[in-house]
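The values are calculated or read from the model by the stated rules, or taken from the named source; none is laboratory data. This structure is a prediction, so every number in the text was calculated from the model and none was measured. Ideal geometry is used to build each Cβ from the backbone, glycine not excepted, and the neighbour counts take in all protein chains shown. For accessibility, only protein heavy atoms count, side chains too; no ligands or nucleic acids. Shrake-Rupley method; radii C 1.70, N 1.55, O 1.52, S 1.80 Å.
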Amino acid sequence: MPATHPDGALYFFDPERRLFTDTDIHDALRRDEIEEFYHYLQKILRADELTIPSNNYDLVLDITPTEDERIQWSYYYACHDNRCLFWLETYDASHMLSELNGVTSPAHVKHRLESSYWCVGCVLLYWYAKHRYWIVRNHWSLFPVVFEGRSLPLPVYDELAGILSHGCVDVMTSMSSTLPYDDDTMYKMINLVRKAKEADGGVQYYTAATTRLLSFFAHWRFLYFHGQRHARLVRDQTVYNKPKRERTLLITLLSPLLFFAPEVHLRDVEKLWTDDVIIETIWKSFMTKLLGEWEDVILWSTVMLTANVGFLAIPGVVLSNLSGTNITSASQVIIFTSPSQIASSLSIEASVGSIVIGLLLVRHNRTKQKEDPTGASAYLDQSTHRLFGLEPMAIIFSLPWALLMWSMVIFFIALLLFCFSISNISTRIFVSVMSIMMAPLVVGCILTSWRSSDDIELWHDSLVVLKRSRDGVLARLKHFADGTFRLHDARPTPHHPNDDGSTHSMTERQDGIVV
């Protein structure tokens, strides 16, 4: 019988044999091929004396023409009692579990199979000549048709409503929840589930929507190792016993020069991409915050650029021979540089750099704000350097703010140079007193913001990296000096035979073991 999917696709089903296919069986040849395939599977069951424990299952068949004009067969069984897929032969599910490392428990694999049973990631076993391989397909989401003996039990709706209710409370009461949705979204889902339950599963639109949500949460349980001893209970908690990635010399040296902004961005990215798993809401929140920060920095950098241009217009900042001299041509104008002019010009360059880099980052990352977890993971994976990891990306993200800070610092230096070079004693006294009063306040603010344990750890890690780099350089210099000394003082060494009087050549030594 033909049926139309809620998304518009055409598929076919046989309610008596619980047989489903999206192959167009209006074609007589394909219909005969499907029948032959079905009888072939029945023959395997009889020949191998296989029994299926439950009668509550679906069989999905598919045939696909290949480029070499052969017919490719594929199938899977979907058991409704256990919410899983099964095949008549031993099945290698390693590619289904390739999202995660360390998947060893059957209970953990069950979450992945249940996700495939409901909607996303179901797999068909393909026959092609004598070789077999697998591709990803769907089940309930592809075949949501409801008929006598095939519908979602009412407890399924209660189960999904319970999952969503717990998720709402968890998101509202925990800042580190692992749920993939916010509380408002899940509250809307609860209302939809209630309407689907009232329809008693008799509408395939409700069935497709409900099973899609069930699949999402089953896959979520798989990603976060639910039911395992090392389950991830906090979204930035790793489940693997691996050493923490140490900071390289690149970010250790550049981070202080950039006011430690790269380290802040690097920490945020590492937390949201723990074990290469991303929560969509956290990713969108992170990108929204970044875009807002860059837009604010661009605005403040423009203000600093305007301030520097106005500062250069103050008499005395730019010295020339224009006043009191008869100038008849532009070639007679002589500009004398001053320390405050040079400092202000450097501040302008820092402001322009902050504006340009900020605009480029906003332009490049505005679309990344709408990426799903798959696209976000691909973006971070492309931005990961082979040696430095995510450190280059964190440094680039911090450049607009760091350049703005340098622009402010240099502008303040230009102001001090101007006040102390061509001002009277009263101005110098007032500026000195104000600077002395402001310095402790700024230093105290910096110390207060860096008093947390994370920042103390940052300083400690930076010192460790610097010490290790220093020791490495000294070791290389010592090795080079020792090699040079031995080169000038080389003497032949006697060749000692073995106890039995024999000797071994270098070709007889493998991996340090005499053979």
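Odds and ends about this structure:
- Solvent-accessible area of residue 304, all protein chains in place: 20 Å² (probe radius 1.4 Å, heavy atoms, ligands and nucleic acids excluded).
- Accessible surface, per residue, of the stretch 40-100 when the full set of protein chains is kept, probe 1.4 Å, Å²: 57 Å²
- The modelled label-to-label distance between residue 147 and residue 359, using points 7 Å beyond Cα along the C-beta direction, is 6.4 nm.
- For the stretch 341-356, Karplus couplings with θ = phi - 60° (6.51, -1.76, 1.60), whole Hz, Gly/Pro x: 5, 4, 5, 5, 5, 5, 5, 5, 4, 5, 5, 5, x, 5, 5, 5
- Value in Å of the Kirkwood radius, where the stretch 4-126 supplies the Cα pairs that are averaged: 16.0 Å
- In the context of the full set of protein chains, residues of the stretch 364-429 present 55 Å² of accessible surface per residue (probe radius 1.4 Å, heavy atoms only).
- To put it simply, the accessible area of the stretch 1-130 at a 1.4 Å probe is 50 percent carbon and sulfur.
- Counting only protein chain heavy atoms and rolling a 1.4 Å probe, the accessible areas of 194, 363 rank, largest first, as 363, 194.
- The stretch 205-310 pair-distance distribution - Cα-Cα, 5 Å bins, rounded %: 2, 9, 12, 14, 15, 14, 10, 7, 6, 4, 3, 2, 1, 0
- A full extension of the chain between residue 240 and residue 41 corresponds to an added length of 67.5 nm, given 0.36 nm per residue minus the alpha carbon distance.
- Per-residue SASA entry for residue 357, accessible area with 1.4 Å probe, Å² rounded to 10: 40 Å²
- At full extension, residue 420 and residue 288 could sit 43.1 nm farther apart than now, given 0.36 nm per residue minus the alpha carbon distance.
- Per residue accessible area in Å² of the stretch 236-314, where ligands, DNA and RNA are left out and the probe is 1.4 Å: 51 Å²
- Remark: accessible surface ordering of 80, 385, 139 (largest first) is 385, 80, 139, probe radius 1.4 Å.
- List 250, 113, ordered by accessible area with a 1.4 Å probe, largest first: 250, 113
- Only protein atoms count toward the accessible area here, which uses a 1.4 Å probe; on the stretch 218-279, the carbon and sulfur part of that area reaches 59 percent.
- Volume per residue for the stretch 1-57 equals 92 cubic angstrom (convex hull of Cα atoms).
- Label point distance in nm, residue 433-residue 366, each placed 7 Å from Cα along Cα→Cβ: 5.0 nm
- Relative packing of peptides 345-355, 219-229 - highest average C-beta neighbours within 10 Å first: 345-355, 219-229
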